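Notes for the one structure printed next.
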Amino acid sequence: MKLQDLDVIVTAPPAPGWGGRYWILVKVTTNTGLTGWGECYASSVGPEAMTTVIHDVFDRHMKGENPENIELMFRRAYSSGFTQRPDLTVMGAFSGLEIACWDIIGKACNKPVYQLLGGKMNDRIRCYTYLYPLPHQDLKTFWISPEAAAECATEMVKRGYTAVKFDPAGPYTMRGGHMPAMRDIARSVEFCKAIRAAVGDKADLLFGTHGQFSTGGAIRMAQAIEPYSPLWFEEPVPPDNHAEMAKVARATSTPIATGERLTTKAEFAEVLRQGAATILQPALGRAGGIWEMKKVAAIAEAYNVQMAPHFYAGPLEWAANIQLAVSIPNILLLESIETDFHYGLIKHSFKVENGYITAPTAPGLGVEVDEDLARAHPFTGADLHLNMQEAPCSYQEENAFEGGSPAQMD
């Protein structure tokens, strides 16, 4: 069995677009007719350029190879061009293709991927959800309203979720770490207070940020929200500065989580060596794929660190996250996004039930892809998957973070 053909589909979720502006899906076919699906969580260049990179990685390192030779193909991609160091774009391309290889291998063996990774460790996985506006809530004001967030959190708990994530701490900008405005600290406290009052001890609070603070600013924010006992403080400083993140970790009782913008075991290992976080959040569509993150989970286990795979993409990366989570002992939480489009693309192959996902039993990734639906929603915009704000944090006007992308209206 050899890898033979590749097709790349860039699909755009309908407004308001939870999960990003577009999702890059890959369909890989072998000379024996087996098809595998994956997803490249790659956002540092546009999808047209990224499609070219994906084809180059496939043609150069994978085409004609046995899909079982994951380690060999990873080393080719990782070492290409005399690099042998983490490369976010190349690894984004390889990761989606690697996920597709596992889908093929599982189908060839008639087993779920997790059975090929050491077997089933967990019968079901606890999930969390970001707080997105409910249908009757305003898309623009939701992000700065503690009352709206508390209402949404109450509804998520009713649906069975035992952990909710929110990010009231203002913008993430291209300028790197900044000192938060006092009003951003105060609003963050109000969010924690309102959500904690709404959910009591029925749910954990996950305080999300995106690497936007200076070290001192992150420590001020961490200490301000500590009374509400969040389960984690996510990516408090820029993600490449592990030593400074470790200073934040030592200054607060709240666990630090990081990893959505890291790739390969080389970067995750440095987080562990520095003591920068006790929760790792790899995005499997950019971090090196399933096998590489199985290795990271094993290294993390030796440091008594837990895994909580990141997910702000389409359902094929979600499916890969599930396969990894089922196979490892140190899984903490699995991020979820429940939209009709997510579920429609995989023909409702799995779903969150009462806050958990049950280990799938179908072979490969365990999903059936609606290829026609994916092709019917092509991405035609000019944005990246996510956009950095150019303007600095304001110390006079309202700052707001709109759930990953500005509100889109049909």
Close pairs (6 angstrom Cβ cut-off, 6 or more residues apart or separate chains): farther than 17 Å from Phe142 by Cα in the stretch 192-209, among the charged types (D, E, K, R) and at pLDDT 95 or above anywhere:
Leu206/Lys165
Only listed residue being among the hydroxyl-bearing types (Ser, Thr, Tyr) and surrounded by fewer than 21 Cβ atoms within 10 Å (Cβ to Cβ), chosen from Ser349, Ser327:
Ser349
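Could you tell me how many of the residues in the stretch 301-319 are outside any helix (DSSP H, G or I) and not β-branched (Val, Ile, Thr)?
So the answer is 11.
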Subset of the stretch 191-206 that is in a helix (DSSP H, G or I) and either outside the structural domain of Pro171 (by TED's automatic domain parsing) or among the basic types (Lys, Arg) (or both) - its residue that is surrounded by the fewest Cβ atoms within 10 Å (Cβ to Cβ)
Lys193
I need the full set of residues from the stretch 130-186 which are hydroxyl-bearing (Ser, Thr, Tyr) and more than 22 Å from Gly17 (Cα to Cα), in order please.
Thr154, Thr162
Evaluation of Tyr343 against (1) assigned to a loop (DSSP other than H, G, I, E, B); (2) in contact (Cβ under 8 Å) with a residue 24 or more places away in the chain; (3) in the same structural domain as Glu260 (by TED's automatic domain parsing); (4) surrounded by fewer than 22 Cβ atoms within 10 Å (Cβ to Cβ) (one fails), failing number
(1)
Meets criteria (surrounded by fewer than 19 Cβ atoms within 10 Å (Cβ to Cβ), part of a helix (DSSP H, G or I) and either in contact (Cβ under 8 Å) with a residue 12 or more places away in the chain or not assigned by TED's automatic domain parsing to the domain that holds Asn69 (or both)) for Ala298
yes
Subset of the stretch 82-108, residues farther than 20 Å from Lys27 by Cβ and hydroxyl-bearing (Ser, Thr, Tyr), comes to Thr83, Thr89
Of the residues that make up the stretch 365-386, is at least one in contact with a Ser or Thr (Cβ under 7 Å, 6 or more places away or on another chain) and closer than 20 Å to Pro168 by Cβ?
yes
In the stretch 348-404, the residues that are of a type in the set (Ser, Thr, Tyr) and at pLDDT below 95
Thr380, Ser394, Tyr395
Between a residue in the stretch 75-97 that is outside the structural domain of Trp23 (by TED's automatic domain parsing) and any residue that is of a type in the set (A, V, I, L, M), which pairs come within a Cβ distance under 9 Å, given they are 6 or more apart or on different chains?
none
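The values are calculated or read from the model by the stated rules, or taken from the named source; none is laboratory data. It should be emphasised that the depicted structure is a prediction, and the values quoted were computed from it without experimental measurement. Ideal geometry is used to build each Cβ from the backbone, glycine not excepted, and the neighbour counts take in all protein chains shown.
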